[in-house]
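Chemist: I have a structure I would like to understand better, so I am pasting it below and will then ask my questions one at a time.
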Amino acid sequence: MDTILLVNDSVTLTKVLSAHFKKAGYNVVAVTGVMDAYEAFIRSDVDLILTDYVLKDKDGLDVIRTFRSKKTQKALPIVVFTAMQDAETAARCKAAGASAVLSKSAGTLDLVAAIEKLIEEYKATQPGSSLDQDMGRCIVKATCDVFRTMMNLRLVAGEVAVEKAQIRKAEVIGSIGVAGFLTGSISLFLPKSLAKRAVLAMLMMDPNDPLADGEMVDAIGELTNMVGGNIKTELFQKAPLFDISVPSVYIGDDLQRRTVSDDLCFHVPFTIGGEAFSVEFLMVTKKKGGTGVQASLVDGMQKA
């Protein structure tokens, strides 16, 4: 069943549109603002976004720009549903990246027909799902879910990079081993200020409370364990790919993580209120005896 992400802060209109879309055979995820739309997109497989032009917090242009800023979402259909029928509004929406601008006066039948066509065109151009696509999606979703549910912190994810492993520097590193069909590690790289903020939120402590290094180590270890466990759970919906070990945590002023050159890395940057950190899934690929999945991913990356 195809999913429509509906961004609208009118309770009445949301109920009306949701009823029409569900009757037409669509699943509907309804939210009221831009950040809620981004979170809902991470948690759901969305096939089209329908946004009102006027919202209480921002506007439809902000919804469009939020998603069009991601390379992986350039083709996602975004429809602006608006009572404003002037050419200037339509032009601004199109310039921001809207797939279509539809008038509320046209009615829901025309809206559903337009949505059906856009979703069909979108799905026809999408490649089949692969492990590397699933991995990036799972890292983003797992990390955002942990920070939202355990710390009430909303993350903004950057682009997923698939690359050979890099030297990474951080003041706090949490890492957990991965073994099984995939082998390697899952690591978090954080500045101390952000690590402390996350730990205090997770422990429900006051922002001004002192935090010992021992408390930091224990909490970041648990955070690493939760992120790794969530990634495992997300991927295990398709196949049992790995188990995770006990996490390790390192705190210092200028830590560096080095690894061998043939390792494959999925790296995702995140930001919270201007501060940045990253999550990495490192897969060790042996020249002989490595898993077929890892070898094929590395070969594909080198040919790209």
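Chemist: Out of (1) of a type in the set (S, T, N, Q); (2) in a helix (DSSP H, G or I); (3) exposed (fewer than 15 other Cβ atoms within 10 Å of the Cβ), what's the single condition that is false for GLN85?
Modeler: Evaluating GLN85 over (1) of a type in the set (S, T, N, Q); (2) in a helix (DSSP H, G or I); (3) exposed (fewer than 15 other Cβ atoms within 10 Å of the Cβ) leaves (2) as the failure.
Chemist: What are the residues in the stretch 1-27 that are among the β-branched types (Val, Ile, Thr) and without any contact (Cβ under 8 Å) to a residue 60 or more places away in the chain, if any?
Modeler: Answer for the stretch 1-27, where residues must be among the β-branched types (Val, Ile, Thr) and without any contact (Cβ under 8 Å) to a residue 60 or more places away in the chain: THR3, VAL7, VAL11, THR12, THR14.
Chemist: Do any strands (runs of 3 or more DSSP E) lying entirely in the stretch 142-252 carry at least 2 residues that are among the charged types (D, E, K, R), and which ones are they?
Modeler: Qualifying strands (runs of 3 or more DSSP E): 161-164, 168-180.
Chemist: I would also like to ask the following. For the stretch 55-81, which residues satisfy the criterion of being aliphatic (A, V, I, L, M), over 18 Å from LYS104 (Cβ atoms) and surrounded by 18 or more Cβ atoms within 10 Å (Cβ to Cβ)?
Modeler: Answer for the stretch 55-81, where residues must be aliphatic (A, V, I, L, M), over 18 Å from LYS104 (Cβ atoms) and surrounded by 18 or more Cβ atoms within 10 Å (Cβ to Cβ): just LEU76.
Chemist: Right, here's the next one. All but one of (1) within 30 Å of CYS144 (Cβ to Cβ); (2) modelled with pLDDT of 90 or more; (3) surrounded by fewer than 19 Cβ atoms within 10 Å (Cβ to Cβ) hold for VAL112, so report the exception by its number.
Modeler: (1)
Chemist: Test GLU116 against the criterion of being of a type in the set (Asp, Glu), in the same structural domain as ALA40 (by TED's automatic domain parsing) and in contact (Cβ under 8 Å) with a residue 40 or more places away in the chain, and give yes or no.
Modeler: yes
Chemist: What's the number of the only condition in (1) of a type outside the set (Lys, Arg); (2) at pLDDT 90 or above; (3) part of a loop (DSSP other than H, G, I, E, B) that THR259 fails to meet?
Modeler: (2)
Chemist: Modelled with pLDDT of 95 or more and either assigned by TED's automatic domain parsing to the domain that holds ARG43 or hydrophobic (A, V, I, L, M, F, W, C) (or both): does that describe MET226?
Modeler: yes
Chemist: Among the residues of the stretch 115-132 satisfying the criterion of being of a type outside the set (A, V, I, L, M, F, W, C), within 25 Å of VAL79 (Cα to Cα) and at pLDDT below 85, which is nearest to the chain's Cα centre (by Cα)?
Modeler: Going through the qualifying residues, I end up with SER129.
Chemist: Name, by its number, the condition in (1) modelled with pLDDT under 80; (2) under 17 Å from ASP145 (Cβ atoms); (3) surrounded by 15 or more Cβ atoms within 10 Å (Cβ to Cβ) that does not hold for GLU234.
Modeler: Failed condition: (1).
Residue-by-condition table, conditions (1) touching a Phe, Trp or Tyr at 6+ places or on another chain (Cβ under 7 Å); (2) of a type in the set (A, V, I, L, M):
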| position | (1), (2) |
| --- | --- |
| ARG92 | no, no |
| LEU118 | no, yes |
| GLU121 | no, no |
| ALA124 | no, yes |
| ILE139 | yes, yes |
| ALA142 | no, yes |
| ASN152 | no, no |
| VAL156 | yes, yes |
| ARG168 | yes, no |
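Chemist: Could you tell me whether any residue of the stretch 142-165 is assigned by TED's automatic domain parsing to the domain that holds VAL227 and over 20 Å from the mean Cα position of the chain (by Cα)?
Modeler: Among the residues of the stretch 142-165, at least one is assigned by TED's automatic domain parsing to the domain that holds VAL227 and over 20 Å from the mean Cα position of the chain (by Cα), which makes the answer yes.
The values are calculated or read from the model by the stated rules, or taken from the named source; none is laboratory data. Please read all numbers here as calculations on a predicted model, not as lab measurements. Quick reminder, even Gly has a Cβ in these numbers, built from the backbone with ideal geometry, and neighbours come from all protein chains shown.
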